[in-house]
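**Q** This is the structure I want to talk about, given as structure tokens.
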């Protein structure tokens, strides 16, 4: 599974319960899902397009004939990881069961093989009608998951099975289907990624080979798990992720300035960026001529993570990274203790490995004494492993 926030198509059927789906949308976003709302045309009689666009922050279409050049029934279907249809009316269930594709939502359902979760809401007699029950059975046989409606008061004074379930109950079942951890909801995660560049003159700089892929994977994974994520991206100009706050920076000083402002707000800091150890003592405003470019006077950059650890609260967790070519265990153990970290991941970068790659290998050391050897794996997988261990430290 990709480390990006999971894409959900939230389908809205034409029932009075459509207004309750507005809260469901918000809670899905709180859980880290990225949501595109696709209402049926009849549902707009209850909640309009402008409301869905305002809440989701995304364009909302109802018909295949809107934005034809984007081929939305194909592009949205390909992008989606899950479908959540809530409310699913008797008519909508019947149309899906019959294989109809007469609006954008039913087109998307036909064009996608991704998991689909339906939340029925209708009058009790409509729910118990043999035709509806037969349609539900057909959909279940095809792999759709259909939630049982709640029992309670509906429109008017009538009480029975057909009520739209409470949002938390829907999310509970939906999260089981997606097998999505939501263990960082309400937490603030601060991540650094990329490699800093320390300017010598307007043309040259001291830098390193870090691509920022690991830090970005961590930021995405944390967002997926419900955290509010702030990513400090060093020299990653094309980095943009929906649902993640991103600050673009260049130098170690830039990183330090933002961390000094943001660190106290976070619950978890993950320093995946490769911060240059040194910088030129002075910056030349003009390009240094080749004939004069014989040496550079350097000074050390501050050890940002070590300084932050001195300011850390007892309920903050700090995760460090190290890149080594030899003595991985000794080097990581020393940095873990010296910088007073909760855990550290050390990469084995021998022979140019890791940088720019989709894979990584190394080991995790935890201040409890635990050691985890990480065989070659994806950076997405490592991101979630590091978060698992950090969450244990958060308690």
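**Q** Under the Kirkwood approximation applied to all pairs of distinct alpha-carbon atoms, what is the hydrodynamic radius of the chain in Å?
**A** With all distinct Cα pairs of the chain included, I get 23.7 Å.
**Q** To continue, here is another question. Output the peptides 320-326, 84-90 sorted from most to least packed, where packing is the average of other Cβ atoms within 10 Å over each peptide's residues.
**A** Listed from highest to lowest mean packing, they are 84-90, 320-326.
**Q** List the residues of region 84-115 whose backbone N lies under 19 Å from a point placed 7 Å from the Cα of residue 58 along the Cα-to-Cβ direction.
**A** Of the residues in region 84-115, 84-88, 103-115 have backbone N under 19 Å from the label point off residue 58.
**Q** Give, in nm to one decimal, the length gained when the segment between residue 333 and residue 238 is fully stretched (0.36 nm per residue of separation minus the Cα-Cα distance).
**A** That works out to 30.7 nm of additional length.
**Q** Please label the shape of region 188-394 as rounded, prolate or oblate, based on the square roots a ≥ b ≥ c of the eigenvalues of the alpha-carbon gyration tensor (a/c under 1.5 means rounded; beyond that, a/b larger than b/c means prolate, else oblate).
**A** Prolate is the answer for region 188-394, as a/c is 1.5 or above and a/b outweighs b/c.
**Q** Helix 130-141 versus the longest principal axis of the chain: what is the Cα-based angle in degrees, 0 to 90, to the nearest 10?
**A** Taking the Cα atoms of the chain, the angle to 130-141 is about 30 degrees.
**Q** Would you mind computing Rg(Cα) / (2.2 N^0.38 Å) for region 7-178, counting N as its residues?
**A** Relative to the rule-of-thumb radius for its length, region 7-178 sits at 0.95.
**Q** Can you give the FRET efficiency for residue 201 and residue 175, using 1/(1 + (r/R0)^6), R0 = 51 Å, r = Cβ-Cβ distance, to the nearest 0.05?
**A** 0.45
**Q** Need one number: % antiparallel among DSSP beta bridges in the chain, to the nearest 5.
**A** If we restrict to bridges inside the chain, about 30 percent are antiparallel.
**Q** Convex hull over the Cα atoms of region 291-395, averaged projected area in nm²?
**A** 9.0
**Q** Students often check this: by mean Cβ neighbours within 10 Å, which of 203-216, 140-153 ranks highest, and how do the rest follow?
**A** 203-216, 140-153
**Q** What full-extension length gain, to one decimal in nm, is calculated for residue 350 and residue 381 as 0.36 nm per residue of separation minus the Cα-Cα distance?
**A** 9.1 nm
**Q** In degrees between 0 and 90, to the nearest 10, how far off the longest principal axis of the chain does helix 328-338 point, with axes built from Cα atoms?
**A** 90
**Q** Find how much the distance from residue 27 to residue 315 grows on full extension, using 0.36 nm per residue of separation minus their present alpha carbon separation; answer in nm with one decimal.
**A** Extra length from residue 27 to residue 315 when fully extended: 101.1 nm.
**Q** Sticking with this structure for a sec: At 37 °C and a viscosity of 0.692 mPa s, what translational diffusion coefficient does Stokes-Einstein give for region 54-143, taking Rh as the Kirkwood radius over Cα pairs? Give it in µm²/s as a whole number.
**A** Answer, rounded: 234 µm²/s.
FYI, it's all coordinate maths here, none of it is from the lab. Here the structure is a predicted model, which is why all the values come from computation and not from measurement. Backbone-built Cβ (ideal geometry, glycine too); neighbour counts: all protein chains shown.
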